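The structure under discussion appears below in the form of structure tokens.
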Amino acid sequence: MVKTYVFGHKSPDSDSITSSLVMANLEKELGNEHAQAYRLGNLNKETEFILNYLGIDAPELLESVEDGADVILVDHNSPAESVENLENANILKVVDHHKLALNTSYPLSLRFEPVGCTETILCKLYEENNVGISKEIATLMLSAIVSDTLLLKSPTTTEDDEMAVEKLAKIAEIDVEEYGLEMLKAGTDLSSFSIDEILALDAKQIDFKDVKSIVNQINTASIPDVLEMKDDLEKGMNKIIEDENLDLFMLLITDIVNSNSQVIALGKHADLVEKAYGVNLEDNMVLLEDVVSRKKQVVPIMTESA
């Protein structure tokens, strides 16, 4: 049996996990019966909420792939965010809404669109291939779009995302506002996580030109509650900076209710945050109002200022 591994990025979020499940299902519907969803890390609370709501088991953890393995990437394409030994795997397809970072010596199927969520693209792929969307699949898709766009309030939200949510909500028979807010709030519960786990929940290595950085984002309904852990968070951040020889660790504590982010910035290039946003860090912190999207409101601005 030639298995096809379907997976999203390391430190998986809801889009990464649900897209793996949805893409594997689409592959099976199209005749690839050996497609199977995997994950590259632990689930966050929000994703646990989604899977528990549906009574679905989490995908199996995948730490590496063997040479020549057939793989499909969803919600990422950067090797730095992917599985170990990806360079020796056979990438069949990529479905993603991030910038292109992949370089291969062979042709493959690529589907990239500048939308708020990978699931929006997958929704189109089901339609284009005349594959019906079940209530369960619709709920997975809808949940991820709500997550990535913060209930369609993020600047990453597109008309395509809105149309997908409208369609999927009808299939899933879900009140988007009620379900979405409950889901997002479930994702803000950090009580069972250690500091190390919090700092790895949604951490991405994003180098701003020559500034080697990690940008981590955690959602909350109360910034002050998270800041009660500030000293411990900073100790953990400084350890990661030292261990990984980083120039900057930027932690975004994003308020899903008021749509802004408290930033903690550490490292020898923490002043890049001040330069990029025209602000002053006080006690390593600054509140960035109306900033909720790492992809649109952090990465391009920080890169341009580096």
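Pop out the Kirkwood hydrodynamic radius of region 4-186 from its pairwise C-alpha distances, inverse of mean 1/r, in Å to one decimal. The partial results should precede the final answer.
On the way: mean 1/r = 0.0617 Å⁻¹.
By the Kirkwood definition, the hydrodynamic radius is 16.2 Å.
What is the distance in Å between the Cα centroid of region 136-213 and that of region 88-107? About 23 Å separates the Cα centre of region 136-213 from the one of region 88-107. Pairs of Cα atoms under 8 Å, at least six residues apart: use those to get the relative contact order of region 182-241, whole percent. That works out to 33 percent.
Using +1 on the beta carbon of Lys and Arg, -1 on that of Asp and Glu, and nothing else charged, what's the dipole of the chain about the Cα centre, debye to 20? Let's see the in-between values first.
Working: 25 positive and 57 negative charges, 112 e Å.
Result for the chain is approximately 540 debye, rounded to the nearest 20.
Can you tell me what share of the DSSP beta bridges in the chain is antiparallel? A percent to the nearest 5 is fine. Approximately 35 percent, going by the DSSP bridge assignments.
Test of understanding: ordering 145, 256, 206 by Cβ neighbours within 10 Å, fewest first, what list do you get? Display every interim value, and only then the final one.
Values: 145 31, 256 18, 206 21.
Ascending Cβ contact count within 10 Å gives the list 256, 206, 145.
For region 138-224, trypsin sites (Lys or Arg not before Pro) meeting the loop criterion (DSSP other than H, G, I, E, B) and having at most 13 other Cβ atoms within 10 Å: 153, 209.
Put a dot 7 Å past the Cα of residue 159, heading toward its Cβ, do the same for residue 105, and the two dots end up 4.4 nm apart. A helix-only calculation puts the chain at -11500 deg cm²/dmol for mean residue ellipticity at 222 nm, using -39500 (n - 2.57) for each DSSP H run of at least four residues, averaged over all residues.
Within 10 Å of each candidate Cβ there may be at most 14 other Cβ atoms; applying that plus a DSSP loop requirement, which trypsin sites (Lys or Arg not before Pro) in region 228-306 survive? It would help to have the intermediate numbers written out before the result.
Details: sites: 230, 235, 239, 268, 275, 294, 295, 296; in loops: 268.
Answer by residue number: 268.
In this simple spin-label approximation, residue 125 and residue 284 carry label points 7 Å from Cα along the Cα→Cβ vector, and these lie 4.0 nm apart. The modelled label-to-label distance for the pair residue 242/residue 193, using points 7 Å beyond Cα in the direction of Cβ, is 2.3 nm. Within the chain, what is the longest stretch that has no GluC sites (Glu not before Pro) placed in a DSSP loop and near at most 16 other beta-carbon atoms within 10 Å? That would be 67-172.
Each of 180, 205, 260 was placed along the dipole of the chain (beta-carbon charges, centred on the mean Cα), and the one lying farthest toward the positive end is 205.
When the chain is described by a simple charge dipole with +1 on each Lys and Arg Cβ and -1 on each Asp and Glu Cβ, the residue from 229, 169, 76 located farthest towards its positive end is 76. Let me see the pair-distance distribution of the chain: every alpha carbon pair, 20 Å bin width, integer percents in order. Reading the bins upward from 0: 34, 58, 8. With the chain treated as a Gaussian network of Cα nodes joined by springs under 10 Å, which of 291, 279, 95 yields the largest mean-square fluctuation? Its mean-square fluctuation being the largest, the pick is 279.
Loop only by DSSP, 13 or fewer other Cβ within 10 Å of the Cβ. Give me the trypsin sites (Lys or Arg not before Pro) in region 89-121 that pass, ordered by residue number.
Answer by residue number: 99.
We did not get these values from a lab; they are worked out from the coordinates using the rules stated. Computed from a predicted structure; not experimentally measured. Note that we place each Cβ from the backbone using ideal geometry, even for glycine, and neighbour counts take in every protein chain shown.
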